[in-house]
Every structure is written in C-alpha cells, then in structure tokens.
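First comes the structure, then the notes that go with it.
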Amino acid sequence: IVGFAAVGFGQEATEIVKTEGAKELENSKTDGEYVFVFTGKTAKDMNDAAKYYENYFTVVFDESTQTAKINMVQNDERGRSVIIRLFSASGVRNVNIDGEIISLNDFMTGYLH
C-alpha cells in the first residue's frame, strides 16, 4: 500500500515543464522571448497545441532537446497568460523554476503577470 501511495502522488515528468530559471523569466517578461523544456513531446504534439495561440505567440520546438522557444506577438499580460493554455493543452500541470515545482496558477501570477 505504501508503494502504491508513493506512485499515486508522484509527478509524471511529462506534467512538468522546466524553465531556464527565475532570472531568465524576469528577462523574458521584458523581452517577450521564453524558453521552456518539455518532456516526452514530439514536434507534432507541440505544433498541434501551439496553432491555436498564434495570435498571442509563436512556438519553435526542437524535438531533439525538447526545447520550446516562445516569442510573444504582443508582449502584454494577456498574451503571456495564454502560455498557460499551451501548457495545459500539452498536459503540463506544474513548472520547475530553479528546482522548485510550482502550480500553473502560481507560475502565472508570479512570473507572467
């Protein structure tokens, strides 16, 4: 039972997106260029998810490194908030910032607004 509980509450790697760190996120908020590392995604997965948000940002995904480069079309709070929709559409539930795992809501309020 203990082993089952540990597995049941563990985070799947595919549910966590990794950032380049808090300092880089602060710079990204200013320049409108974000970099995130996903796990277990294909270029098709990312392109299919990103196509719905082209009015807000563009996504270039490198499947070999699992790295997505997001460039804001208009770098404002609303557009940055839509990044959360991309994460959700990609199965992401949490964000890793400098080794700390936070919820999408905390990421949005702390780093995108």
- Those residues of region 71-113 that are under 18 Å from Ala50 (Cβ atoms) and acidic (Asp, Glu) come to a total of 0
- Message: Just to be sure before I move on: is Val73 surrounded by fewer than 16 Cβ atoms within 10 Å (Cβ to Cβ), in contact with an Asp or Glu (Cβ under 9 Å, 6 or more places away or on another chain), of a type in the set (A, V, I, L, M) and modelled with pLDDT of 95 or more in the structure I sent?
- Response: yes
- Single residue of Ala43, Ala22 found to be at pLDDT 95 or above, within 17 Å of Ile102 (Cα to Cα) and among the aliphatic types (A, V, I, L, M): Ala22
- Message: With the requirement that a residue be charged (D, E, K, R) and closer than 12 Å to Val17 by Cα, what does region 58-103 give you?
- Response: Arg93, Asp98, Glu100
- Message: Regarding region 98-113, can at least one residue be identified that is of a type in the set (S, T, N, Q) and touching a helix residue (DSSP H, G or I) at 6+ places or on another chain (Cβ under 6 Å)?
- Response: no
- Filtering region 95-104 for residues that are out of contact with any Phe, Trp or Tyr (no Cβ under 8 Å at 6 or more places or on another chain) and in contact (Cβ under 8 Å) with a residue 12 or more places away in the chain leaves a count of 3
- Message: Name the residue that is nearest to Ala89 (Cα to Cα), counting only residues in region 40-60 that are loosely packed, with under 15 Cβ neighbours inside 10 Å and of a type in the set (Ser, Thr, Tyr).
- Response: Tyr52
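The values are calculated or read from the model by the stated rules, or taken from the named source; none is laboratory data. Bear in mind that the values here come from a model prediction, so they are computed numbers and not experimental data. Neighbour counts are summed over all protein chains in view; Cβ atoms, including those assigned to glycine, are modelled from backbone coordinates with ideal geometry.
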